[in-house]
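**Q** I'd like to ask some things about the structure below.
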């Protein structure tokens, strides 16, 4: 350090400023405990900035969530509106047709279908079609199903199981004898 | 073997830098790290800035901006240089920006500028220099930015050319030339005032 001071002093002399070398350099002062206050002030500003940043980030997240929610709502509402209007339009169009026109439309549509189209449709929707056939047919109502079930029960199920065996056209005595023979063979074996 | 004071100072600065960076990188102790940075370097940085801008309130503003920039910039700090070199660089740039902004706002003739400057210094509670010291301060204020930086760092901060070179990223030769031009201008200014008196 003394070497450095000497160098600076020599430089000043060389530059024609020897008086600066003797000049007191500490001509400036600061308020009492300025540096402690500076530290406190800076820490406060940093803390405020951090809080501000947190708020900004939180606001940004909230805004993003709201934006996403709004987009979803719009898409959902739009889809529903479009779907209901399409169905409604179709219903209105169909209602305006007479029976003859409807038949013509159905015939036309059916004629337009190729065998491959039908095959593809049936194989793709076979399970749905079976279910639909059970539940959406116009020819069989609940009463008819009940009647059918009752008649089937009366015809095939008797309250006495032995009677059922005797009455059965398939299970005759000879058949039973054969079955006994086979059963004895198995035991003997 | 006893180590020289210079080495002890260097060790201490490096230890402080390491501790500051370790504290800062942990989000739990980030503010502690910053507090240590301010405590370690604020005095040096303040006086460097004060010599450049003269007024205490202006220096305070510049120093605060400098440390806030350091707070934001510390994540990008590469440990190629010392923290204090990096801080000096920020402080010097901030001071120059401040001086340029002030200069743009106050475009008045040198004569009236000198009068206003002297009056300001006389009424400044935090300046207690005599007439010669006020003239020196004004002469420094008239220097171009680069020459002012070099002169302040060499004359007031008593820094080696190598250190100044690291901070200002300028060659030692160019710095010596800047110092020479600055000193010549100051000498001419002082001589003229002496002759006038």
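The values are calculated or read from the model by the stated rules, or taken from the named source; none is laboratory data. None of these values were measured; they are calculated from a predicted model. Neighbour counts run over all protein chains shown; Cβ positions are idealised from the backbone, glycine included.
**Q** Collect the residues in the range B:63-85 that are surrounded by 21 or more Cβ atoms within 10 Å (Cβ to Cβ) and either more than 21 Å from residue B:127 (Cα to Cα) or more than 10 Å from chain A (Cβ to nearest Cβ) (or both), keeping them in residue-number order. Give the derivation first.
**A** Within the range B:63-85, the subset surrounded by 21 or more Cβ atoms within 10 Å (Cβ to Cβ) is B:63, B:66-67, B:70-71, B:83.
Once the filter is applied, which keeps residues that are surrounded by 21 or more Cβ atoms within 10 Å (Cβ to Cβ) and either more than 21 Å from residue B:127 (Cα to Cα) or more than 10 Å from chain A (Cβ to nearest Cβ) (or both), the range B:63-85 yields B:66, B:67, B:70, B:71, B:83.
**Q** Residues being surrounded by 12 or more Cβ atoms within 10 Å (Cβ to Cβ) and either touching a helix residue (DSSP H, G or I) at 6+ places or on another chain (Cβ under 6 Å) or modelled with pLDDT under 65 (or both): count how many of those fall in the range B:86-111.
**A** In the first step, residues of the range B:86-111 are kept if they are surrounded by 12 or more Cβ atoms within 10 Å (Cβ to Cβ); the result is B:86-99, B:102-103.
Of the ones still in play, those that are also either touching a helix residue (DSSP H, G or I) at 6+ places or on another chain (Cβ under 6 Å) or modelled with pLDDT under 65 (or both) are B:87-92, B:94-96, B:98.
Looking only at that region, the number is 10.
**Q** Criterion first (surrounded by fewer than 15 Cβ atoms within 10 Å (Cβ to Cβ), within 30 Å of residue B:80 (Cβ to Cβ) and within 13 Å of another protein chain (Cβ to nearest Cβ)) does residue B:169 satisfy it?
**A** Numbers: surrounded by fewer than 15 Cβ atoms within 10 Å (Cβ to Cβ): yes; within 30 Å of residue B:80 (Cβ to Cβ): yes; within 13 Å of another protein chain (Cβ to nearest Cβ): no.
Taking the combined requirement at face value, the residue does not satisfy it.
**Q** Sticking with this structure for a sec: Given the conditions (1) closer than 28 Å to residue B:191 by Cβ; (2) without any contact (Cβ under 8 Å) to a residue 24 or more places away in the chain; (3) in a helix (DSSP H, G or I), and given that residue B:101 satisfies all but one, which numbered condition is not satisfied?
**A** Only one criterion in (1) closer than 28 Å to residue B:191 by Cβ; (2) without any contact (Cβ under 8 Å) to a residue 24 or more places away in the chain; (3) in a helix (DSSP H, G or I) is unmet by residue B:101, namely (1).
**Q** Consider the range B:172-197. How many of its residues are facing chain A (nearest Cβ under 8 Å) and surrounded by 15 or more Cβ atoms within 10 Å (Cβ to Cβ)?
**A** Count: 6.
**Q** If you don't mind, another one. Give me a count of the residues in the range A:2-30 that are closer than 30 Å to residue B:69 by Cβ and more than 7 Å from every other protein chain (Cβ to nearest Cβ).
**A** 1
**Q** Considering only the range B:63-84, how many residues are touching a residue at least 60 places away in the same chain (Cβ under 8 Å) and part of a helix (DSSP H, G or I)?
**A** Total satisfying the criteria: 2.
**Q** How about the range B:141-163: which of its residues are assigned to a helix (DSSP H, G or I), closer than 18 Å to residue B:96 by Cβ, in contact with a helix residue (DSSP H, G or I) (Cβ under 6 Å, 6 or more places away or on another chain) and within 12 Å of chain A (Cβ to nearest Cβ)?
**A** B:150, B:151, B:152, B:153, B:154, B:156
**Q** Could you list, in sequence order, all residues of the range B:37-62 that are outside any loop (DSSP other than H, G, I, E, B), surrounded by fewer than 19 Cβ atoms within 10 Å (Cβ to Cβ) and more than 9 Å from every other protein chain (Cβ to nearest Cβ)?
**A** B:44, B:57, B:58, B:61
**Q** If residue B:181 satisfies every condition in (1) in a helix (DSSP H, G or I); (2) within 21 Å of residue B:118 (Cβ to Cβ) but one, which is the exception?
**A** (2)
**Q** On the basis of being within 19 Å of residue B:58 (Cα to Cα) and either touching a helix residue (DSSP H, G or I) at 6+ places or on another chain (Cβ under 8 Å) or within 12 Å of chain A (Cβ to nearest Cβ) (or both), does residue B:130 make the cut? Don't jump to the end; show me each part of the working.
**A** Values: within 19 Å of residue B:58 (Cα to Cα): no; either touching a helix residue (DSSP H, G or I) at 6+ places or on another chain (Cβ under 8 Å) or within 12 Å of chain A (Cβ to nearest Cβ) (or both): yes.
Spelling it out, it is not the case that residue B:130 is within 19 Å of residue B:58 (Cα to Cα) and either touching a helix residue (DSSP H, G or I) at 6+ places or on another chain (Cβ under 8 Å) or within 12 Å of chain A (Cβ to nearest Cβ) (or both).
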